[in-house]
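Asks: I have a structure here, written as structure tokens, and I will follow up with some questions on it.
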Amino acid sequence: MTEKVFSLQINDIKWLFFLSYLTAIVIDNMMVLSFDIQFMPSLTLLTLFFWTTQILYKSHLFSAFILGLAFDTALNTPLGSHSLIFLTTTFLMLRSRLRFKSYPLWQQSIIIGGYILVFQIMSWFIFAPKLFGNAPYYYWLEPVIATLIWPLLTLILNRLTHKTVFN
Amino acid sequence: MVSDHYTNALSNFRNLLTATIEPVERVAALPLDLYNWIQQDYTHSNQLSAENHRLKTENLLLKAQQQQMKKLQLEVERLNRLLGTASQFKSTDVQIASVIAYSQTPFAQYVILNKGALDNIQLNQTVIDAKGLIGQITSLTPSSCRVQLITDPEIQVPVRIQRTGQRGILNGIGHEQLSLLFIPSSSSIKVGDILETSGLGEIFPEGRPVATISNVKSLSGEPYYKISAEPIADLTRSQKVLILSPRQEAEHD
């Protein structure tokens, strides 16, 4: 038995799709360059997770690769390293996105926290970040922050999507 | 990933990506620019007057020192000719640049300068401030460049201890901290010693002050000291820096 699941069409939300990524990249860069906040979960990756669960007929792996490259360029890390992490976490999300979509928001947030934890573990092994003082606590707190951000991000993007599609 | 980490094969591709993402970074740096602009606007005229007075005094002192330097430079050139060694640093072979933004994350540490390929800036040029070495240019866009700071974990600077001439490798460990490697336990080193570039590796010009020794630990059974150092340059506070040109750097060879 097959069931049809509602999936957004990229043509309906083309501008919102690109602008959301652009805004997320700007905010991620702003945190580092303007506010000197070094430990925040990547809003770009969270936005990618959101679209992965909304636009179901696409794999989003190409987007993950390109966004990873943008991250490598912005953070001055070896080209392809963030792409690898983005691709891995997106792949994990792809494997369970239909189930993920059916979960209540609080449960989704916890799973997102888990994905960000994978992101942090991979970053730990690939970049060997130099953490002093309280930095290790902040570093491992990022999944918790992601858990808190996810409902807000989902709410905002859902509203914007709704406005774009139905207006 | 491996290619970018160990070689310069992807440097042009990185430059292209940096140029693409530059507008995003400019927008991201806007809140900081706005904050600086507002802060500047509220600076009291008395403060500006006091700063002007201080700068005039400093300028006078520097001019006096420059006169002495010219005399010393002539003397050094004469001695170099006698010894047949390479010529020395020429102060005209530099470009002044302003810091647009800086980033200090646990992964990488760099500053963005307002000079780029259109200003004849090239990759691997050395950047200094009034006090000492800041880093090396690692990527370029037409109008800006990125300088990897000496505290970046990816960068290693060949240095020597100014007092003894003992050579070693200075490694960035982030958070304005450096680690001096390969100094044998038998050598003479103490807290406060100044480290300067040794010129080995032909990347950084010789004789630039880099760091001050802050801690020396001797581990039993280990052939080398465990040494910590602090950069001399104001890595995160300098607003104006100097980019040394390749011609001038080549003269040290």
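Readers should treat all values here as calculations from the given coordinates under stated rules, not as data from a laboratory. Predicted, not measured: the structure shown is a model, and the values here were computed from it. Every residue, glycine as well, gets a Cβ built from its backbone with ideal geometry; the counts of neighbours run over all protein chains shown.
Asks: Roughly how big is the stretch B:93-253's charge dipole about its Cα centre, with Cβ charges of +1 (Lys, Arg) and -1 (Asp, Glu), in debye to the nearest 20?
Replies: 320
Asks: May I pose another question? Determine the dipole magnitude for the protein assembly as shown: charges of +1 sit on the beta-carbon of Lys and Arg, -1 on that of Asp and Glu, nothing else is charged, the reference point is the Cα centre, and the result goes in debye to the nearest 20.
Replies: Computed about the Cα centre, the dipole is about 380 debye.
Asks: Can you tell me which of B:61-71, A:18-28, B:5-15, A:39-49 comes out highest on packing, and rank the rest after it, using the mean Cβ neighbours within 10 Å?
Replies: So the peptides B:61-71, A:18-28, B:5-15, A:39-49, ranked by packing, come out A:39-49, A:18-28, B:5-15, B:61-71.
Asks: Using only the Cα atoms of chain B, build the gyration tensor, take square roots of its eigenvalues as a ≥ b ≥ c, and label the shape rounded, prolate or oblate: rounded if a/c is under 1.5, else prolate if a/b is larger than b/c, else oblate.
Replies: Rounded is the answer for chain B, as its axis ratio a/c remains below 1.5.
Asks: Sticking with this structure for a sec: When the distances between all Cα atoms of the protein assembly as shown are binned every 10 Å from zero, what whole-number percent does each bin get?
Replies: Bin by bin from 0 Å, the calculated values are 4, 18, 26, 23, 15, 8, 4, 1, 0, 0.
Asks: Relative to the present Cα-Cα distance, how much length would full extension add between B:Q156 and B:S187 at 0.36 nm per residue of separation?
Replies: Additional length available on full extension: 9.1 nm.
Asks: Taking H as built 1.01 Å from N, whose amide H comes closer than 5 Å to the amide H of B:Y224, not counting residues under 5 places away?
Replies: B:S185
Asks: What net charge do the residues around A:I66 carry, taking every other residue with its C-beta under 14 Å from that of A:I66, with Lys and Arg at +1 and Asp and Glu at -1?
Replies: Around A:I66, the charge tally is 0.
Asks: Provide B:D119, A:D36 in ascending order of the number of other Cβ atoms located within 10 Å of each residue's Cβ, fewest first.
Replies: Lowest to highest Cβ neighbour count: A:D36, B:D119.
Asks: So, one more: Over chain A, what is the relative contact order in whole percent, taking alpha-carbon pairs under 8 Å and six or more residues apart?
Replies: Computed over chain A, the figure is 24 percent.
Asks: Taking the number of other C-beta atoms within 10 Å as the exposure measure, put A:F127, B:F204, B:F182 in order starting with the fewest.
Replies: Ascending Cβ contact count within 10 Å gives the list B:F182, A:F127, B:F204.
Asks: Between the stretch B:193-250 and the stretch B:1-19, how far is it from one alpha carbon centroid to the other, in angstrom?
Replies: Result: 26 Å between the Cα centres.
Asks: Here is a further query. State the answer as a single residue: which of B:I194, B:N12, A:I110 lies farthest towards the positive end of the charge dipole of the protein assembly as shown, with beta carbon charges of +1 for Lys and Arg and -1 for Asp and Glu, about the Cα centre.
Replies: Farthest towards the positive end: A:I110.
Asks: Next question. Helix-only mean residue ellipticity at 222 nm, chain B, DSSP H runs n ≥ 4 weighted -39,500 (n - 2.57), per residue, nearest 500. What is it?
Replies: When only DSSP H runs of four or more count, the value is -10500 deg cm²/dmol.
Asks: Quick one: net charge of B:A117's neighbours, Cβ under 14 Å, K/R +1, D/E -1?
Replies: Result for the local shell: +1.
Asks: Would you order B:V147, B:V241, B:V2, A:V144 from fewest to most other beta-carbon atoms within 10 Å of each residue's own beta-carbon?
Replies: Ranking B:V147, B:V241, B:V2, A:V144 by Cβ neighbours within 10 Å, fewest first, gives B:V2, A:V144, B:V241, B:V147.
Asks: Right, something else. Classify the stretch A:10-166 from the C-alpha gyration tensor, please: rounded if a/c falls under 1.5, else prolate or oblate depending on whether a/b exceeds b/c.
Replies: prolate
Asks: Between B:N12 and B:Q122, what length comes free when the chain is fully extended (0.36 nm per residue of separation minus the Cα-Cα distance, one decimal in nm)?
Replies: 38.4 nm
Asks: Oh, and also: Nothing charged except the Cβ atoms of Lys and Arg (+1) and of Asp and Glu (-1): what's the magnitude of the dipole of the stretch A:10-166 about its Cα centre? Round to the nearest 20 debye.
Replies: Computed about the Cα centre, the dipole is about 520 debye.
Asks: So, one more: Under the classification rounded if a/c is under 1.5, otherwise prolate if a/b is larger than b/c and oblate if not, where does the stretch A:30-107 fall, given a ≥ b ≥ c as square roots of the Cα gyration tensor eigenvalues?
Replies: Verdict is oblate for the stretch A:30-107.
Asks: Calculated from DSSP H runs of 4 or more alone, at -39500 (n - 2.57) each and per residue, what is the 222 nm mean residue ellipticity of chain A, nearest 500?
Replies: Result for chain A: -25000 deg cm²/dmol, rounded to the nearest 500.
Asks: OK, next. Considering only A:T23, A:N134, A:T73, whose Cα is most displaced toward the positive end of the charge dipole of chain A, charges sitting on Cβ of Lys, Arg (+1) and Asp, Glu (-1)?
Replies: My answer, from the dipole projection, is A:T23.
Asks: Compute the separation of the alpha-carbon centres of the stretch A:98-142 and the stretch B:118-163 and state it in Å as a whole number.
Replies: 33
Asks: Would you mind giving the mean number of other chain beta-carbons within 10 Å of the Cβ of each residue in A:31-44, as a whole number?
Replies: 4
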